[in-house]
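Data block below; observations after.
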Amino acid sequence: EIHIKEPIEKEVNPRLLPGELLLCEASTVYKYIQEDGSNRGTYGKLVCTNFKIAFLDDSTSDDNEPQFRNKIVGENDITLQCVDQIYGVYDEKKKLLTGQLRKYPEKLIIYCKDLRVFHFCLRYTKEEEVKRIVSGIVHHSQTPKLLKRLFLFSYASAAPNNTDGRNQTVMFDTLEDWRDKLERTKGNVKYKAVTTNEGYRVSEKLPLYFVVPICISEESILKYEGRGIPIWCWSCHNGAALLKMSAFPKEQDDSTSQTQKAFLDGIYKTISKPPYELLKTDDLSSSLPSLQDIQTAYARFKQLFLIDNSTDFWATDVKWFSLLESTNWLEIIRRVLKKAIEVAECLERQHTNVLLIEESATDLCCVISSLVQVMMDSYSRTKSGFQSLIQKEWVIGGHGFLDRCNHLHKSDKEEAPVFLLLLNCVWQLVQQYPPAFEFTETYLTVLSDSLYVPIFSTFFFNSQHQKDTNASGESLKTQSGPFRFLTVWDWSVQFDPEAQAFLNNPLYAEKPKPDKSQRKTARFKHQRQLSLPLTQTKPSTKRGFFREETDHLIKNILGKRIGKFINSSDEPPNTFREFYDSWHSKPVDYHGLLLPRIDGPEIKVWAQRYLRWIPEAQLHGGGAIATAAKILDLMEEVQSLQVKMDEQHSQALSGDVHSVPMLRNSARLSSLFPFALLQRQSIKPALPTSTWKDLEDEDDLVKRDDEFVDLSGDVI
């Protein structure tokens, strides 16, 4: 009876952003609700613009709008950069759609990078409209494009009065920002912010301003376009610093290689003398998985969550854990966290400088340096501090977001979810130590979604140079002048204040200011407890090395000391295990060092991000949201009492109360709220397999209870 349903009389038009143009559309498109393999769904109009693919129907009213609503990307909107793959269904067979099409499908399946899956039936749509909409969607979302063709530039040209939403986020695009950071970490005694790269005369890959050891000369920085130069990331309270360096290419002739080796020896010699601490170097390209391995693992991992219907879900349920393990994604997260703990041990316990080395120092260096700062610096666990960290290490630091996210669809070989890997690692810390973070897992989920929203410049350039050179263009409405890009850190662009409340952690253990001096003393006491006796181990060249060949006396003296903490990768139990177990045996200081638990099942799946669109994986009226609802109710009561006691503070204390009314009916909420708000109940599939029959048996269900709960909840 589907095809004889009366067409929509009410004309539904898309809401277009400034600079957004409607490219093609098709009426009488049927969108399936994929829950039990049935053909239930709704009619509407499918449109494609230069910003998004959108499905429009007249069923959405203000009363039914989700309370956690994104103002830019709606529930049925897919930005062109968020499209992962498009399949057409021909005679019940799926075929990947790319390039020019000879035959047009009767059904369209769109897989998104945020793991949503859309099914559209085109059987009742006019043939000409089918050709236009399918060709348009495939062309604008899958074919390679020029950078200036991104919607980012159209929006920046047409949007009136773009706000500068920096808030408290430090952008690190001025020399003062770097000097302030040096002063805050007390690194300005041994390190300096340099202007050598002004005008990008050193390298287009380096930022305009960065920090190097004071002893490094300008000539050294200029010699190899910044390669072989230790760049400062962060200084620990004890003076030890975290540095990174882009390595020289490995395939070179002997004379060039010898010259570069001599240059490196000179650099190492310079920064190994007082006042600098001992130096440990770590080549991440040999001690961590390659970018190709990371991409392969994630490609396998995400397939577990791109579910077409309930039948597919329950078919994979029986072998869920073996499938999960075979992807190797959680093992990569474990290895990255372990590496960050090793670096933290050197800085905190050994008082040793750590130099991270990578070919470009813009991928895994960013991951490890960011994780170390989140673990060791409580400021990086605040919202503004974390955003400033992303700006410093990733955006200004030159991570190639454009290539790694493959926004232009130019080369799959460059694609790798490096930033997503960081967010997965930070999520492990957030879910293990919630009071230590000012932001929530919802904040991290929204941040991962923002990777694919091309109205912000934050994640759409490979370097500061690329952004600066492309920002100088002619706007459509103004006279010739630079584009005014938005930054993703202005959350008011995407969310109303009520929705922004979900990004803030109401249980954050804020650092009390009056006890600053006492806390400082206690912190150093805790560090002494961490400084356990060292055991002599044989130095190994497998991980890290100390380069000093000119002075045998210094080499012998320092070599004995540095040999105590440089272990081979197959000997972790010595100092690493001692450090790890010692820390976990003590009470957690939420404002001090945080070490993630990485043993066994401690590394978990980020349920909110990966399972939020799968109804079968949700607990209705359960999960963490049920607890949060009660806590927020209690907070509202306490705050209202406080307001009554002191009316003068009513405005200051009512900031986060907005989120409370949204959670009143917590019994109806999904465990994956706010993304799976009031989701439909899962319907048992008609599976002619023994699996479902076993699950129907009450005794068997009890026996399988642990496994079943792990799958459905956020304990996976």
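A few remarks follow.
- Options Leu486, Leu507: the member that is modelled with pLDDT of 70 or more and over 18 Å from Ser157 (Cβ atoms): Leu507
- Qualifying residue in the range 193-213 (condition: surrounded by fewer than 18 Cβ atoms within 10 Å (Cβ to Cβ) and touching a strand residue (DSSP E or B) at 6+ places or on another chain (Cβ under 8 Å)): no
- Taking every residue in the range 70-95 that is in contact (Cβ under 8 Å) with a residue 12 or more places away in the chain and hydroxyl-bearing (Ser, Thr, Tyr) and pairing it with any residue that is open to solvent by 20 Å² or more (accessible area, probe 1.4 Å) and in a strand (DSSP E or B), at least 6 positions away or on another chain, the pairs with Cβ-Cβ distances below 9 Å are Tyr87/Lys94; Tyr87/Lys95; Tyr87/Leu96; Tyr87/Lys107; Tyr90/Lys107.
- Filter pass, Asp293 being assigned by the TED database to the domain that holds Asn462 and farther than 28 Å from Leu208 by Cα: yes
- Failed item in (1) open to solvent by 10 Å² or more (accessible area, probe 1.4 Å); (2) touching a residue at least 40 places away in the same chain (Cβ under 8 Å); (3) among the aliphatic types (A, V, I, L, M), with Leu323 passing the rest: (2)
- Note on the range 247-286: residues that are closer than 18 Å to Leu355 by Cβ, of a type in the set (Val, Ile, Thr) and surrounded by fewer than 19 Cβ atoms within 10 Å (Cβ to Cβ) total 1.
- If the condition is being out of contact with any helix residue (DSSP H, G or I) (no Cβ under 8 Å at 6 or more places or on another chain) and part of a strand (DSSP E or B), then the range 242-280 contributes Leu243, Met245, Ser246.
- Unmet criterion (only one of (1) β-branched (Val, Ile, Thr); (2) assigned to a helix (DSSP H, G or I); (3) open to solvent by 40 Å² or more (accessible area, probe 1.4 Å)) for Val189: (2)
- The range 428-446 residues that are open to solvent by 10 Å² or more (accessible area, probe 1.4 Å), paired with ones that are in a helix (DSSP H, G or I) and among the β-branched types (Val, Ile, Thr) (beta carbon under 7 Å, 6 or more apart): Glu441/Val430
- Hits in the range 265-295 - residues which are over 16 Å from Ile229 (Cα atoms) and in contact with a Pro (Cβ under 9 Å, 6 or more places away or on another chain): Ile294, Gln295
- Number of the condition not met by Ala156 [criteria: (1) surrounded by fewer than 20 Cβ atoms within 10 Å (Cβ to Cβ); (2) over 28 Å from Ser380 (Cβ atoms)]: (1)
- Flag if Val117 is farther than 30 Å from Ser378 by Cβ, open to solvent by less than 80 Å² (accessible area, probe 1.4 Å) and over 24 Å from the mean Cα position of the chain (by Cα): no
To keep it simple, each residue is scored yes or no on (1) part of a helix (DSSP H, G or I); (2) at pLDDT 95 or above; (3) not assigned by the TED database to the domain that holds Asn462.
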site	(1), (2), (3)
Glu345	yes, yes, no
His351	no, no, no
Gln391	yes, yes, no
Asn406	no, yes, no
Leu421	yes, yes, no
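The values are calculated or read from the model by the stated rules, or taken from the named source; none is laboratory data. None of these values were measured; they are calculated from a predicted model. Every residue, glycine among them, receives a Cβ derived from its backbone with ideal geometry; neighbour counts consider all protein chains shown. Note: accessible area is taken over every heavy atom of the protein model, side chains too, but ligands, DNA and RNA are not part of it. Shrake-Rupley method; radii C 1.70, N 1.55, O 1.52, S 1.80 Å.
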